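Scroll down for the structure; my scribbles are underneath it.
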Amino acid sequence: MNAGTYRFTVGAIDCIAASDGELSYAPPDFPPAPPLLFVNARDEEVNERLRLHDIRAEQWTQWTSPYVCLAVNTGGRWLLIDTGAAALAPTTGKLLGNLQDAGIDAGDIDMVVLTHGHPDHIGGLTNADGSLAFPGASYCMCRHEWEFWTCGEAEELLDDHLSSVLIGCARRNLPPIRGRLELVDRTTEIAPGVTVFPSPGHTPGHMALVISSGDEHLMCVGDAVLHPIHVECPEWYSAMDGDPEEMVSTRCRLLGRAVRDGALVHAFHFPFPGLGRISRSGDPWRWEPVSLPTG
Ligand SMILES: [Zn+2]
């Protein structure tokens, strides 16, 4: 297994965290990292928090974010959660190669679950020629998210340059899956041990998942947290959060549940493999990443 994949289990369910690469969010397209990630935080508070993480605020001009997807084998079928960004940048689009290194071909994926419709999550749905990247898969998405991106709502609400990139990506990647799509409105068990549920805020129809087997649980929070500091300061939102108030409320609900359930947590944008636990120590919460085998 190479450094782009990390295999683990949730009870009897086999899971593989698979990297799609990373992307640097840098000026002039994006604000510097602190105001990009922590829009509503005071500078002194951010600087103080960054010091605890050994980050120098003035040098942290760009946020280099990992993209970590998840493949889950349940009931003899492979589910893929999010598809990465494909060729959005030279540093992205590594998912298919990494899955292959783990012994999974694109044709082996039976279902693709999309947490939401941003390019780093849906960009890998299609190949460069427009064909489906996972030709044997069905697809699952929250109905509200699908309608937001395909029924004109996004065009009405988003109108800057960045938004045209988001809308263009949705127009390219979503129509091809229309015929094989299951849209969900509420908490739904979509495969044995895999439950999806609406978690709006980052986008209108953002969806999270819980994967359970025996007394073990994995919660996939998608983009309800983008950086480990969001676990410590859950009220700080990012410039990418569509409805900040709703996102903060969703985030607190998800993290609180993960603590109560003693769940392992997967966060798409956290350092590879994006897995850890939420602990309570001083701050409301703290991110404890899984320790990777060395050597
Ligand atoms: Zn994302």
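Since every read-out is calculated from the coordinates, none of them should be taken as a lab result. None of these values were measured; they are calculated from a predicted model. When we count neighbours, we look across all protein chains shown, and the Cβ atoms used for this are built from the backbone with ideal geometry, even at glycine.
Taking only the Cα atoms of segment 219-271, how large is their convex hull per residue, in Å³?
Cα-based convex hull of segment 219-271, divided per residue, equals 71 Å³.
Trypsin sites (Lys or Arg not before Pro) within segment 43-80: which are DSSP loop residues with at most 12 other Cβ atoms inside 10 Å?
Taking segment 43-80 and a limit of 12 other Cβ atoms within 10 Å, the loop trypsin sites (Lys or Arg not before Pro) found are R56.
Using +1 at the Cβ of each Lys and Arg and -1 at the Cβ of each Asp and Glu in the chain, identify which of P200, P66, L96 lies farthest towards the dipole's positive end.
Projecting each Cα onto the dipole axis, the largest value belongs to L96.
Under 10 Å, Cα contacts only: if you run a Gaussian network model on the chain, which one of S279, S138, S164 comes out with the highest mean-square fluctuation?
S164
Determine the distance separating the Cα centre of segment 230-295 from the Cα centre of segment 107-175; give it in Å without decimals.
Cα centroid to Cα centroid, the span is 25 Å.
Relative to a virtual label point 7 Å from the Cα of S249 in the Cα→beta-carbon direction, which members of segment 168-208 show backbone nitrogen distances below 15 Å?
From segment 168-208, the list is 198-206.
How large are Rg and Dmax for segment 8-159 when calculated on the C-alpha trace, in angstrom?
Just the Cα atoms of segment 8-159 yield Rg and Dmax of 18.1, 51 Å.
When only Cα pairs under 8 Å and 6 or more residues apart are kept, what is the percent relative contact order across segment 5-289?
18 percent.
Along Cα→Cβ, 7 Å out, is where each label goes; now give me the distance between the ones at D105 and A128 in nm to one decimal.
Simple spin-label model gives 2.1 nm for this pair.
Cα gyration tensor of the chain, axes a ≥ b ≥ c as square roots of the eigenvalues: rounded (a/c below 1.5), prolate (a/b > b/c) or oblate? Mind dumping the intermediate values first?
On the way: a/c = 1.41, a/b = 1.15, b/c = 1.22.
It is rounded, given that a/c, with a ≥ b ≥ c, falls under 1.5.
Label R143 and R186 with points 7 Å out from Cα along Cα→Cβ: what is the distance between them in nm?
With each label placed 7 Å out from Cα toward Cβ, I get 1.0 nm.
Given points 7 Å out from each Cα along the Cα-Cβ axis, report the D54 to D261 separation in nanometres with one decimal.
3.3 nm
N40 to L162: extension gain in nm, 0.36 nm per residue of separation minus the Cα-Cα distance? Numbers along the way, then the final one.
Numbers: separation 122, 0.36 × 122 = 43.92 nm, distance 2.05 nm.
Full-extension gain reported as 41.9 nm.
Shape verdict for segment 181-295, please, from the Cα gyration tensor: rounded (a/c under 1.5), prolate (a/b greater than b/c) or oblate.
Judged from the Cα gyration tensor, segment 181-295 comes out oblate (a/c at least 1.5, b/c at or above a/b).
Sticking to Cα atoms, compute the Rg of segment 112-154 to one decimal and its Dmax as the biggest Cα-Cα distance, whole number, in Å.
10.9, 30
Under 8 Å for C-alpha pairs, at least 6 residues apart: give me the relative contact order for segment 1-81, rounded to a whole percent.
38 percent
How long is the gain from R280 to F8 if the chain were fully straight, where each residue apart is worth 0.36 nm and the alpha carbon distance is subtracted?
95.5 nm
Hey, what number do you get for the chain at 222 nm if only DSSP H runs of n ≥ 4 count, each worth -39500 (n - 2.57), divided across all residues, to the nearest 500?
After summing the helix terms and dividing by residue count, I get -7000 deg cm²/dmol.
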